Amino acid sequence: MGILEKMRLDGKKAFVTGGARGIGKCVATALAEAGADIAIVDMDLPVAEETAKEIAAATGVKTIAVKTDVTSQSEVDAMIDTVLGSFGRIDIAFCNAGIALNVAAEEMTYEQWLKVINVNLNGVFLTAQAAGKVMIKQGGGSIINTASMSAHIVNVPQPQCAYNASKAGVIQLTKSLAVEWIDKNVRVNCISPGYIGTDLILSNEGLKPLIEKWNAMAPMGRMGKPEELQAIVVYLAGDCSTFTTGSDFVVDGAFTCI
Ligand code: NDP
């Protein structure tokens, strides 16, 4: 089988959290283009439904939309039941939902800290654990978590200690799950994107004036596009990456190199 054929995901079943928009939507589209059926999992059901319809129309795969808050164990469990009810199995889990909060450490309330840790770290744990249980029973699968370059560096000038800590946690969680599930044929990897032009940044008025500063710091002089994360996730999802587990893939245009 040639490499491009091997990259295909035909017949595989995937879910993508935070899949309604941004990186999740873009990666879900790529997984579908590679042939996987896709569950768009998000808090925002109308947008998730729109995204699911759009992807089905463009690619011909089966898609569903599932309203889920990844911080709720019961909602995550219900989502897994819904996906299994529609697709019968789960081969690929892209645990990607995340939020950012820019508050100085000395002013951050405990509630604000908890909110970020809950979505970005606890949400990834709940989702990956639930997917892992299904994959262990099935005899295998691939989990890809979204960390961030903020797991590796401290972004400036905006303060974001909870975000940075949550993303560092995602990397070590990824490695831990990979080792625990090594003999179950469940692979667990994560991606660490640099700044990517999505709503997370572009619809945050407070961050807009900073884009020029970040671009001045960036070796490539620009932010990344969500499309520039598609291929790495398709690779990790499928059968080209069978020796790849417990790895973090930094995709940042060399931002963290300097
Ligand atoms: P967006 O804000 O564009 O999209 C995130 C999606 O996740 C939204 O649809 C949002 O829904 C959803 N979401 C938020 N909270 C929850 C929740 N509790 N349960 C289910 N879904 C939820 O962000 P991006 O696409 O930019 O970010 C995706 C991931 O990539 C995040 O983990 C982020 O931290 C990470 N990342 C982003 C970078 C960037 O520069 N953009 C850089 C590095 C990492 P709603 O809109 O309803 O809140």
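Read the figures in this text as sums done on the coordinates, not as results from a lab. Because the structure is a prediction, the values reported are computed rather than measured. Cβ sites come from the backbone with ideal geometry, for glycine too, and all protein chains shown count toward neighbours.
Kindly provide the helix-only [θ] at 222 nm of the chain, computed as the sum of -39,500 (n - 2.57) over DSSP H runs of four or more divided by all residues, to the nearest 500 deg cm²/dmol?
Here the helix-only value at 222 nm equals -13000 deg cm²/dmol.
Would you be so kind as to identify all helices of the chain, as entire DSSP H runs, whose Cα atoms reach 24 Å or more along the helix's own axis and whose mean Kyte-Doolittle hydropathy is at least 0.0? Let's see the in-between values first.
Working: long enough: 161-180 (28 Å, 0.39).
Qualifying helices: 161-180.
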Quick check on the exposure proxy: order Ile64, Ile80, Ile3, Ile92 from fewest to most C-beta atoms within 10 angstrom.
Ile3, Ile64, Ile80, Ile92
Count neighbours as other Cβ atoms within 10 Å of each site's Cβ, and list the GluC sites (Glu not before Pro) in the stretch 168-258 that are DSSP loop with at most 13 such neighbours.
Glu205
Could you go through the stretch 181-188 in sequence order and give the Karplus-derived ³J(HN,Hα) for each residue, using 6.51 cos²θ - 1.76 cosθ + 1.60 with θ = phi - 60°, rounded to whole Hz, and x for Gly and Pro?
9, 4, 8, 9, 6, 9, 8, 9
Neighbourhood net charge (14 Å Cβ-Cβ; Lys/Arg +1, Asp/Glu -1) for Ile153:
-1
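Tally Lys and Arg at +1 and Asp and Glu at -1 over the other residues with C-beta under 14 Å from the C-beta of Ser241: what net charge comes out?
After counting each charged neighbour, the total is +1.
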Distance from the stretch 203-251 to the stretch 90-145 (C-alpha centre basis), Å:
18 Å
Have a look at Asn185, Asn118, Asn204 and tell me which one the Gaussian network model of the chain (Cα, springs below 10 Å) gives the largest fluctuation.
Asn204
Where the only charges are on Cβ atoms (+1 Lys, Arg; -1 Asp, Glu), what is the dipole of the chain about its Cα centre, to the nearest 20 debye?
480 debye
Under-5 Å amide H pairs with Cys190, H placed in peptide plane, nonlocal only
Asn145, Ser247, Asp248, Phe249
Computed FRET efficiency, Cβ-Cβ of Ala104 and Lys6, R0 41 Å: what is it to the nearest 0.05?
0.25
